[in-house]
Amino acid sequence: MNQFQYVRPTKQKAAIDALAKDTSAQFIAGGTNLVDLMKRGVMNPQKLVDINKLPLNKIEKENGGLRIGALASNKAVAEDKLVLEKQPLLAQALVAGASAQLRNMATVGGNMLQRTRCYYFYDTAMPCNKREPGSGCGALEGINRMHAIFGFSDKCIAVHPSDMSVALAALDATVLVSGPRGDRRIPFADFHRLPGDTPQKDTNLEQGELITAVDIPDGPFTKNVHYLKVRERASYAFALLSVAAALHLDNGTIKDARLAMGGVAHKPWRLNEAEKFLVGKPATEETFRQAAAIAMRDAKAFKHNAYKLKLGPNSIVQALKNATAVA
Amino acid sequence: MADEKPGTPPENAGHDGNRRDFLKKSTLLTAVALTPGPVVHAAEAAWDEKVAAAFEKVPLKLEVNGVKHKLSVEPRTTLLDLLREQLHLTGTKKGCDYGQCGACTVHVDGERVNSCLRLAVMEDGKKVTTIEGLANGDKLHPMQEAFVKHDGFQCGYCTPGQIMSAVACIREGHAGSEGEIKEYMSGNICRCGAYSNIVAAIQDVKNGGQKV
């Protein structure tokens, strides 16, 4: 690992200042992805600003919703009483991710900011526009079985690896950030970006902006929810594809629905059209099949990931069936 | 003071000049140790806010297996490397070094973590337990005994991590069923494939009701 400067501020402003003035600096919280990337030379920050002394790990009720501090660990959130009661989908998604050890370390803010696990991004001998803008995309014509089927560009076909973020996208979360120019709230749908011509930018965070919390509005999705994750082994692997499904059912009729997919795009992929279609319909497999077909309309596969065109709709149907079947 | 260890001696402490240097440092550490709490506290707070240069070693207080250490580390030193290379606690294993295998699992403030992905400097003031700290003198921890009894290993390289993880798995309340154990032990890879025996060992300890 390259050498770097290290500072451990106790005040939020000092942390933000440290990054605002230094584009080669990075915040570090759990470090589960950043330390990994630094060991491999994929990321080489000149300075690490350790934010673990900042008081940002509370999980509390806030204005008709839940506010989760950016430094709350993935484990703390997954096992929190309020989260389990109000947003069980989030808890399911968190437990589907990583291992017990990593969930103890990883934070909510860091989870959202993890980088893609595209092999070309990780291999510094390979071209990658995300790691080294202008060097090309190795995955486009290379091994692309993990890669995107929605929203990609000819510069990058990587997918976002977070499970938690798929649930947060489905649940209409808002990201609270604080930066050199003050505080702002970013709707979750606008937090992560599609690659376009600048795949090096994963999110719309500006230089020096620090995630302080995530807000999730209370909703009716406290029971009929399911996070389905399809991967190459039963646990401790990144998703080939995942589906976050939340239904508000009334006597077998769908009153409201939330759907998002992971492992299919550069950001958590919300299925707005399919959600609209589901409202007012009976919660049957036939309805779910039709919704899945709508969701997959714009999907396009590469050489090795055509299986996702089948796996996608099947997983949507299965997630909705599982969500419906919850006692 | 008996259990206060003054960090790592400089690599070439044998040299005369360096020996003096070492004594000087020891004296300094003793001075710090003898200084009233609030003063040390203030000095440390000041350090927190100061940017440590890339090559600069930073002070680190760590309690490992009940022994308090005052150390000095480069910011890029991982907890795993600190344990193995500086404290010579080689029970904790380096497998992948990227958080993918679990061989380096230790407990920090009671929670299991991958020590290969922790920067040691970030653990300042915390308590670490490694496989060496599990047994009570010559008496093995119940989980160690269960691994022996059930043959929960073949080559043994992943075993320290497996055992640290297994103890945490029970303490966390995630050893309720075979399925739950498998899920909550998934962060520990065993290339020999001793999984079924590992699960049996954990179930034995869990069902035996021994305190872990």
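Computed quantities for the displayed model
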| quantity | calculated |
| --- | --- |
| Debye, to nearest 20: dipole size of the stretch B:127-212, +1 on Lys, Arg Cβ, -1 on Asp, Glu Cβ | 140 debye |
| Cβ-based exposure ranking for A:L168, A:L113, in which fewest neighbours within 10 Å come first | A:L113, A:L168 |
| Segments A:268-276, A:304-312 sorted - mean Cβ within 10 Å per residue, highest first | A:268-276, A:304-312 |
| Gaussian network model of chain A, springs between alpha carbon atoms under 10 Å - residue of A:K229, A:K267, A:K201 with greatest fluctuation | A:K201 |
| Listed residues A:G41, A:G69, A:G208, most fluctuating in chain A (Gaussian network, C-alpha, under 10 Å) | A:G41 |
| Fluctuation leader among A:Q26, A:Q101, A:Q114 - chain A, Gaussian network, Cα springs under 10 angstrom | A:Q101 |
| Rotationally averaged projected area of the stretch B:142-208 (alpha carbon convex hull; nm²) | 3.7 nm² |
| C-alpha long axis of helix A:285-295 to longest principal axis of chain A, angle in ° | 40 degrees |
| Inter-chain shielding of A:28-34 (mean C-beta neighbours from other protein chains, 10 Å cut-off) | 3 |
| The stretch A:224-325, relative contact order in percent, only Cα pairs under 8 angstrom and at least six apart counted | 29 percent |
| Expected 222 nm ellipticity per residue - DSSP helices of 4 or more, -39500 (n - 2.57), all of chain A, to 500 | -7500 deg cm²/dmol |
| The stretch A:23-149 - Rg (one decimal) and Dmax (whole number), Cα, Å | 17.1, 49 |
| Size of charge dipole - the stretch A:224-325 - debye, nearest 20, with Cβ of Lys, Arg +1 and Asp, Glu -1, no other charges | 400 debye |
| Value of relative contact order over the stretch B:142-208, rounded to a whole percent, pairs C-alpha under 8 Å and six or more apart | 49 percent |
| Length-normalised contact order of chain A in % [C-alpha pairs under 8 Å, at least 6 apart] | 17 percent |
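Every read-out reported here was derived from the displayed coordinates using simple, explicitly stated rules and does not represent laboratory data. Everything quoted here is computed from the prediction, not taken from an experiment. A quick note on method: Cβ atoms are made from the backbone with ideal geometry, for glycine too, and the neighbour counts reach across all protein chains shown.
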